[in-house]
Amino acid sequence: MERKASFFCISIVVVLLSMSFRVAAQGGLKAGFYSSSCQNAESIVRSTVETHNNKDPTVAAGLLRLHFHDCFVQGCDGSILIAGASAERNALANSGLRGFEVIDDAKKQLEGSCPGIVSCADILALAARDAVGLSGGPSWDVPTGRRDGRISSSSEVPNNLPSPLDPIAVQRQKFAAKGLDDRDLVTLVGAHTIGQADCLFFRYRLYNFTATGNADPSLNQAFLAQLQSLCPRNGDGSRRVALDKDSQFKFDVSFFKNVRDGNGVLESDQRLWGDPSTRRIVENYAGNVRGLLGLRFDFEFPKAMIKMSSIEAKTGAQGEIRKICSNFN
């Protein structure tokens, strides 16, 4: 029986490894959109991300988060990149976002090579994919052809973007509103395997969570002590802490094992273990047998990213192709 189980697992591994992550075009997007109009578009983005990542490995997580935050407000249209007092990037939930300079750098190079062709929204989607690959995660064909949006409003962020304080029911509702299900939710949150969070967004869990001076009871006690040392009660709220305490710069499944063991930094992450539906998915990714040593997550993550990066994508005559990513034309 054990031999049959081992053979089955090996067979599944071979199948997963042999599969390429190709998904049919969604909403007018297609892989290789720039193959004739700007042949070097993807390689320029990749080399730019690699250059910045070599200088600062934390930029990979920043780019991934930037793409996620972009897609949940006005769709994946680069609206998060717009500078301005009332723009999305200045909403409280977007404080601490990083990687803008990488997108600007790639855009500058692309404008020199193929002026007016490649959208900032596509640069962001490609950079997120490359960030995952450079962190040891899977790669995939990114459907491209997005155009840049002409609206960016900070007032739209709270009702659309998931918050670290959101219970599972609210997270589920916000994801469902974008056409994403529970598996997508858990899989995409798995991006926190290379993420960081400011103390500001979770310190409340460490000291007076129950209004009686106690910490969040779902936190592992040993990990609680570590977090309290990193984020003192009256310390710097902008100090960043790794969301995966075991392998901050490696795209793997240790994040899910941390959630299973009560070592989730954000309340919203730890709540994935408390809901029966999301808990089963966490268990599948975290288990060495069910998770096939991480290959299950590596297979599901690209699918979820392609699905997310198609949210309300603007194509054809919609929107514009910005000359500078931080400004509307």
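Quick look at the numbers
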item	result
Using θ = phi - 60° and Karplus 6.51 cos²θ - 1.76 cosθ + 1.60, couplings along segment 74-85 (whole Hz; Gly, Pro as x)	6, x, 7, 10, x, 5, 5, 7, 5, 8, x, 4
Residues whose placed amide H lies under 5 Å from that of Gly137, excluding near-sequence neighbours	Phe251
Candidate aspartates and glutamates - alpha carbon under 20 Å from Lys323, same-chain residues fewer than 8 apart omitted	Glu42, Asp70, Asp77, Glu88, Glu101, Asp104, Asp105, Glu111, Asp122, Asp148
Whole-Å semi-axes of the ellipsoid equivalent to the chain (Cα gyration tensor, √5λ, descending)	32, 26, 17
Distance in nm between pseudo-label sites at Ser153 and Ser37 (7 Å out along the Cβ direction from Cα)	2.8
Per-residue HN-Hα couplings for segment 158-170 [Karplus 6.51, -1.76, 1.60; θ = phi - 60°; Hz; x = Gly/Pro]	x, 7, 10, 7, x, 10, x, 8, 5, x, 4, 4, 6
Full-stretch length increase - Gln221, Thr58 - with 0.36 nm per residue and alpha-carbon distance subtracted	56.0 nm
Anisotropy class of segment 166-307 from Cα gyration tensor, a/c 1.5 cut	prolate
Mean accessible surface per residue for segment 188-289, computed with a 1.4 Å probe while every protein chain stays in place, in Å²	43
Cα-Cα over 18 Å, subset of Lys30/Lys303; Lys107/Lys303; Lys30/Lys174	Lys107/Lys303; Lys30/Lys174
HN-Hα J in Hz across segment 305-319 - Karplus 6.51, -1.76, 1.60, θ = phi - 60°, x for Gly and Pro	5, 5, 5, 5, 6, 9, 4, 6, 5, 8, 9, x, 8, 6, x
Formal net charge of residues neighbouring Ile103 (Cβ-Cβ distance under 15 Å; K, R +1; D, E -1)	-3
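The values are calculated or read from the model by the stated rules, or taken from the named source; none is laboratory data. The structure presented is a predicted model; accordingly, all values stated were derived computationally and were not measured. Glycine gets a Cβ as well: all are built from the backbone with ideal geometry, and neighbour counts include every protein chain shown. Note: accessible area is taken over every heavy atom of the protein model, side chains too, but ligands, DNA and RNA are not part of it. Shrake-Rupley method; radii C 1.70, N 1.55, O 1.52, S 1.80 Å.
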